[in-house]
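S.K.: I have a structure here, written as structure tokens, and I will follow up with some questions on it.
Readers should treat all values here as calculations from the given coordinates under stated rules, not as data from a laboratory. Predicted model, so just to flag it, every value in this text is computed and none were measured. So basically every Cβ, Gly included, is an ideal-geometry build from the backbone, and we count neighbours across all protein chains shown.
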Amino acid sequence: MKIGIFDSGLGGLIIAKSLIQAMPQYPFVYFGDTKHVPYGSRSYETIYEFSRNCIDYLFRTQDCRLVIIACNTASIAALRKLQQEYLPINFPERRILGIIVPTLEYVAQRGLRNIGLLATEGTIRSGVYGEELAKIDPSIKVYSVAAPLLVPLVENDGDKFAPAIIHEYLEKFSGTGIDSIILGCTHYPHYKKLIKEQACEVLGCDIEVISQDEILQESLSDYLHRHPEIEQDITKNESPIFITTDITGAYLAQANRMFGRKIEILSATVQNMGS
Ligand code: DGL
């Protein structure tokens with residue numbers, strides 16, 4: 001059996017790359033819903049439907065033992081309902097994990113107090129990061145800035161437009177006194193270096209940039225260690241597979257750039273299970 005990594009589009013390839021490099025023994029299946037990206041400004045009902053259809057595909061056709069929702073927006077809009085309603089009826093033995101809890105655990109360990117959150121509108125609307133961090137420590141403050149334009153830039157090779165847009169987003173944190181910025185969207189690590197440079201200019205050079213591609217390996221390896229019954233079902237030493245719901249030459253070129261080498265992408269036709 002395999003480990004699925006689900007994202008709304010190509011952004012999660014950065015997370016997939018770091019997982020594949022850190023844990024090459026496991027057969028990862030990357031799945032990007034390029035037909036429906038961006039998820040970030042959609043209703044939670046729609047995000048749930050899209051996510052459930054894709055994850056169902058991963059369980060049914062790719063024999064995934066476990067699916068990691070790398071997408072923050074889908075983790076917020078769909079994870080709980082998938083775990084509570086979809087899995088018990090359809091695949092009671094399988095598991096779905098999200099990206100929010102590992103990020104919160106990481107942030108809590110770092111002892112940060114004034115946190116900037118760059119994320120999609122859907123993630124910010126939920127208030128989840130602020131609420132959950134306040135449960136860990138009520139003195140933690142979260143200042144959120146929605147950065148929706150970065151997603152289409154990443155999906156469409158729009159890097160040359162990124163500096164001006166990132167600058168404008170970061171300026172919105174001015175005067176907040178933040179000590180760190182969470183890149184709360186799978187797409188943003190693509191601009192990690194640029195965000196670090198510009199945060200240094202706009203907000204000060206001691207701002208810590210928290211990037212989810214650096215967080216997930218440890219939490220996944222810890223999870224598999226704590227769940228040997230899952231770990232032993234996972235086949236070892238098979239190559240990764242990459243699947244998207246829509247594929248064009250431009251998408252393929254961008255996926256290769258983001259993954260850092262040429263990858264073969266399969267196209268999936270996902271069954272709509274209805275609303
Ligand atoms: N991948 C999504 C996330 O991590 C955002 C991109 C989108 O809007 O689809 O939040």
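S.K.: How high is the relative contact order of segment 106-259, in percent, with contacts defined as C-alpha pairs under 8 Å that are six or more residues apart?
M.R.: On the way: 162 pairs, mean separation 36.0, N = 154.
Contact order relative to length: 23 percent.
S.K.: If you line up the long axis of helix 100-110 against the longest principal axis of the chain, both from Cα atoms, how many degrees apart are they, to the nearest 10?
M.R.: Between the helix axis and the principal axis of the chain, the angle is about 40 degrees.
S.K.: Working from Cα positions, state the angle (0 to 90°, nearest 10) between the long axis of helix 162-171 and the longest principal axis of the chain.
M.R.: 60 degrees
S.K.: Using only Cα atoms, tell me the angle between helix 249-259 and the longest principal axis of the chain; keep it within 0 to 90° and round to the nearest 10.
M.R.: With rounding to tens, the tilt is 70 degrees.
S.K.: Something else about it: In whole Å, how far is the Cα centre of segment 177-219 from that of segment 35-51?
M.R.: 25 Å
S.K.: Label segment 74-188 by shape, choosing from rounded, prolate and oblate, from the square roots a ≥ b ≥ c of the eigenvalues of the Cα gyration tensor; if a/c is under 1.5 it is rounded, and otherwise prolate applies when a/b is larger than b/c, oblate when it is not. It would help to have the intermediate numbers written out before the result.
M.R.: Numbers: a/c = 2.64, a/b = 1.32, b/c = 2.00.
Oblate, because a/c is 1.5 or more while a/b does not exceed b/c.
S.K.: Ranking S75, S211, S174 by Cβ neighbours within 10 Å, fewest first, what do you get? Walk me through the numbers on the way to the answer.
M.R.: On the way: S75 28, S211 20, S174 10.
The order, fewest Cβ neighbours first, is S174, S211, S75.
S.K.: Less than 12 Å Cβ to Cβ from V37, Lys/Arg counted +1 and Asp/Glu -1: what total charge do the surrounding residues give? All intermediate terms of the calculation are to be shown ahead of the outcome.
M.R.: Details: positive: K35, R42; negative: D7, D33, E155, D246.
Residues near V37 contribute -2 overall.
S.K.: Sticking with this one: Could you tally the net charge around Y48, taking each other residue with its Cβ under 14 Å from the Cβ of Y48, Lys/Arg +1 and Asp/Glu -1?
M.R.: Numbers: positive: R42, R52, R80, K81; negative: D33, E45, E49, D56, E85.
Result for the local shell: -1.
S.K.: Please go through the residue pairs K35/K81; K17/K172; K17/K141; K81/K135; K141/K196 and name each one whose alpha carbons sit more than 28 Å apart in this structure.
M.R.: From K35/K81; K17/K172; K17/K141; K81/K135; K141/K196, over 28 Å: K17/K172; K17/K141.
S.K.: Quick check on the exposure proxy: order M1, M273 from fewest to most C-beta atoms within 10 angstrom.
M.R.: On the way: M1 16, M273 12.
Taking fewest neighbouring Cβ atoms as first place, the list is M273, M1.
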